[in-house]
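The values are calculated or read from the model by the stated rules, or taken from the named source; none is laboratory data. These figures come from a predicted structure and were not determined experimentally. Cβ: placed from backbone, ideal geometry, glycine included. Neighbour counts: every protein chain shown.
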Amino acid sequence: MNFVECHEEPIHIPGYIQSFGYLIGIDAESYLITFFSENIRDIFTIENKESLFDKKITDLPESFQSIIESDIYKSLDTFTRRENETYFDKIFIKGTEYHFSVFRNGGQIFLEFETVLENPDKRISNKYDNFYVIDNAQDIWDQLLSTLSKIVNYDRMMIYKFMTDGSGKVIAEKRDDNMQSYLGLHYPETDIPKQARALYMKKRKRIFSNVYSETVPILSKTKQNIDLTFTASRGMSPIHGQYIKNSGASSSFSISIIIDDKLWGLVTCQNSESKHIDLEDRVQAGIFTALASNAYSSFKTKKELEYRMDLNEKSAYLKTEFLKQNSLFDSLVQNRIEIKDLAEADGLAIISDENIVRTGATPPHAIIEKIVKWAYENTNKSIYVNRSFLKEYGENLGLDKDSAGIIIYFIDRTKNEMLIWFRKEFDEHIQWAGNPEKKTDVFFHNGEEKQMVSPRTSFEVFKENIKGNSKRWSSRNTSGVQAIRDVILETSHKQYNTIKQLNDQLKKVNEELDSFSYTISHDLGTPLTVMKLNAQMLLANFDKSEKEKNKLKSIIEEIDNMAEMMHDVLQLSRAKHSEIELESLPTVHTIRKISENAKMTFESPKSEIIIKNCPEVLADKTMLHQVFLNVINNAVKYSSDQDHPRVEIEGIENDETIVYRISDNGIGIPEEEKHKMFKIFNRMDNAKKFKGNGIGLSIVHRIMKRIGGNVDYESNKDGTSFLLTFKKP
């Protein structure tokens, strides 16, 4: 009897399909039938199954007329030109309508059929268009489950996130009241082993309609293993089937969550009774999942961009502070609090020759000396990171709870210069869905008795207490350490080649961040246009209820909103990189035109815009227009809700500068939020009822710096005044 690890089970070649599907395989070159599911006689008139082998579909018109006459079969060579790309059609067979799917995998073309099911309870909310305006990761996944419940509506629906070690955790859940909650529970890696995760990357929607139903064998003349990876009705492994039964479910449906071309997680649905979801509804559920995944990716990219910009500011501050000191050691000691906080550590030790300076929660001086000795003997890395240092080396080094996690950075090994960040022990409790300990059992696979890891029989909460670890060091923490490394190398005047190399790397990173806007404009522009055109065609060409028309209009509106945001981000980048030519420019015509357009744009015809003296300024023509456009638009927009909206624009000449004051009687800027005023994507809490994306003032700030000017503002409860300072011509 063989023992088979979970990751060794060949789940892509089970040799059978589920009972809801019907399958025919033909050779991709000759179009001869090479295999089929045993149940095809249930829908096609076939006297002798063996007679199908080595025949073409067209050789048997009395059996397969509906296939032969279908558009998809007539153009089979076109639809199967690329591998693993599925095309769908609908055909009638003996008066019943079926979904007809076609794809090519290797040397075989798969023809798959399943009955068309009506879903009278399907209710699609137009809230799906909120994915891209949600500013909270958890809300994105909660919104996805709420949307999917109106399409597939399983008893329990979960968002399952994969951890770095292959285990998983339920981070969002929507369930019936009578179902046990799995929210927050962890699952071991063996629940979804690596070959299953690989299949989820390839086949992104997977349904098991009834785990108790009989499977349907695949009949093949050559007895070869048929790769059913991309087959919708592929049969489940006996291990997975027992797993679902043990969980109390009879049916399951899952959708892959793909982020940055990696399997980030799954939408996992379970039903206590058998349940089949129509193919169209499964496809639609996949589309909504992709939308949510893209929204989450955009959200994370936005947060990462904000973090990088903040890190750059802190690095610049440290460089300035370091240059004030006479030695590297003095620089480190004087800025030890900032250095500790950049890695979000509890404590920091600065080591230089025989000197050790500590701040925050650190082990005693003698223990730090032991850690230093250990580091020189056990690691050659310039940066060493470990969250389980206490667990792994605590007994040998005499560590305490203040040194559960460490990051070591070797500044200069020859001078015994290093930094060590410490984190305290984190009392970690992991709640597992059942005891994760592996157990074995005997299963039969293709008539052969095999011993395999047995699925858990209980999913009751199992608590595991883990000692000796700190909280995980994130990529941001290591980025903070790398930023400190770069500051040290730059300001301590080390080898020229090393500094040049690091500067080149930093330049590349900054260029990649700045190219973010161009990537959005280029990569998303075309699909947005296609989406909009399709939505407009649907709106124009089909009879729909008013409610359905409103949904389509909502889609078009959100596409326009996203396109506008892409344009604004592009302008922000151009404000930094475009070539400029300063010249003496008149402003009055530009200001008047922008002012009139703003009243129409924000539907505020009652806005009173008073334009006073408008002296010429020294600026770039394109950039000048962008500055006045953003500031005047804001003034009109944020005062438009007033009973008597009023905007006043006046330029005042000083000795060497021209200062334009643009004042409004709008909502004002809260004092506690003024420090964030010119940060990208930042929006004040009192401004969120107005349309916008928080980019405009970042554009203004960047442009004014480029042309040698400045932007400032004054604000109170009665309104806001922006001050634009230009050089005098």
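Looking at the range 34-57, is at least one residue on the phi < 0 side of the Ramachandran plot, of a type in the set (Val, Ile, Thr), surrounded by 14 or more Cβ atoms within 10 Å (Cβ to Cβ) and touching a Gly at 6+ places or on another chain (Cβ under 7 Å)?
Within the range 34-57, one or more residues are on the phi < 0 side of the Ramachandran plot, of a type in the set (Val, Ile, Thr), surrounded by 14 or more Cβ atoms within 10 Å (Cβ to Cβ) and touching a Gly at 6+ places or on another chain (Cβ under 7 Å).
Please give the helices (runs of 4 or more DSSP H) falling wholly within the range 55-127 in which 1 or more residues are farther than 22 Å from residue 20 by Cβ, of a type in the set (D, E, K, R) and within 40 Å of the chain's Cα centre (by Cα).
By residue number, 71-74, 76-79.
For residue 354, state whether it is more than 30 Å from residue 531 (Cβ to Cβ), acidic (Asp, Glu) and under 27 Å from the mean Cα position of the chain (by Cα).
No.
Here is a yes/no grid of residues against (1) assigned by TED's automatic domain parsing to the domain that holds residue 584; (2) acidic (Asp, Glu); (3) surrounded by 14 or more Cβ atoms within 10 Å (Cβ to Cβ); (4) modelled with pLDDT of 90 or more:
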position: 610; (1), (2), (3), (4): yes, no, no, yes
position: 617; (1), (2), (3), (4): yes, no, yes, yes
position: 632; (1), (2), (3), (4): yes, no, yes, yes
position: 635; (1), (2), (3), (4): yes, no, yes, yes
position: 644; (1), (2), (3), (4): yes, no, no, yes
position: 675; (1), (2), (3), (4): yes, no, no, no
position: 688; (1), (2), (3), (4): yes, no, no, no
position: 720; (1), (2), (3), (4): yes, no, yes, yes
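Within the range 117-140, does at least one residue satisfy the condition of being closer than 30 Å to residue 303 by Cβ, modelled with pLDDT under 90, exposed (fewer than 12 other Cβ atoms within 10 Å of the Cβ) and not β-branched (Val, Ile, Thr)?
yes
I'm trying to understand the selection: among the residues of the range 58-71, which are among the polar types (S, T, N, Q) and surrounded by fewer than 13 Cβ atoms within 10 Å (Cβ to Cβ)?
The one that is among the polar types (S, T, N, Q) and surrounded by fewer than 13 Cβ atoms within 10 Å (Cβ to Cβ): 58.
Any idea how many residues of the range 107-116 are buried (at least 21 other Cβ atoms within 10 Å of the Cβ), farther than 21 Å from residue 95 by Cβ and not aromatic (Phe, Trp, Tyr)?
The qualifying residues number 1.
One residue is enough: does the range 142-158 have a residue meeting the conditions of a type in the set (A, V, I, L, M, F, W, C), under 25 Å from residue 16 (Cβ atoms) and touching a helix residue (DSSP H, G or I) at 6+ places or on another chain (Cβ under 9 Å)?
The answer is yes, given that some residue of the range 142-158 is of a type in the set (A, V, I, L, M, F, W, C), under 25 Å from residue 16 (Cβ atoms) and touching a helix residue (DSSP H, G or I) at 6+ places or on another chain (Cβ under 9 Å).
Just checking, does the range 197-220 include any residue being within 16 Å of residue 271 (Cβ to Cβ) and of a type in the set (Phe, Trp, Tyr)?
Within the range 197-220, one or more residues are within 16 Å of residue 271 (Cβ to Cβ) and of a type in the set (Phe, Trp, Tyr).
The rows are residues; the columns are (1) assigned by TED's automatic domain parsing to the domain that holds residue 404; (2) assigned to a strand (DSSP E or B); (3) within 21 Å of residue 387 (Cα to Cα); (4) at pLDDT below 90.
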residue	(1), (2), (3), (4)
314	no, no, no, no
340	yes, no, yes, no
344	yes, no, yes, no
348	yes, yes, yes, no
358	yes, yes, yes, no
363	yes, no, yes, no
369	yes, no, yes, no
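Just checking, does the range 18-29 include any residue being without any contact (Cβ under 8 Å) to a residue 24 or more places away in the chain and surrounded by fewer than 12 Cβ atoms within 10 Å (Cβ to Cβ)?
Checked the range 18-29: no residue is without any contact (Cβ under 8 Å) to a residue 24 or more places away in the chain and surrounded by fewer than 12 Cβ atoms within 10 Å (Cβ to Cβ).
Restricting to the range 248-278, give me the number of residues that are part of a loop (DSSP other than H, G, I, E, B), under 28 Å from the mean Cα position of the chain (by Cα) and under 24 Å from residue 177 (Cβ atoms).
1
Out of the residues in the range 322-337 that are surrounded by 15 or more Cβ atoms within 10 Å (Cβ to Cβ) and either among the basic types (Lys, Arg) or in a helix (DSSP H, G or I) (or both), which is nearest to the chain's Cα centre (by Cα)?
Per the stated criteria, the residue is 336.
Among the residues of the range 211-244, count how many are surrounded by fewer than 17 Cβ atoms within 10 Å (Cβ to Cβ) and either polar (S, T, N, Q) or touching a Pro at 6+ places or on another chain (Cβ under 8 Å) (or both).
Residues meeting the conditions: 6.
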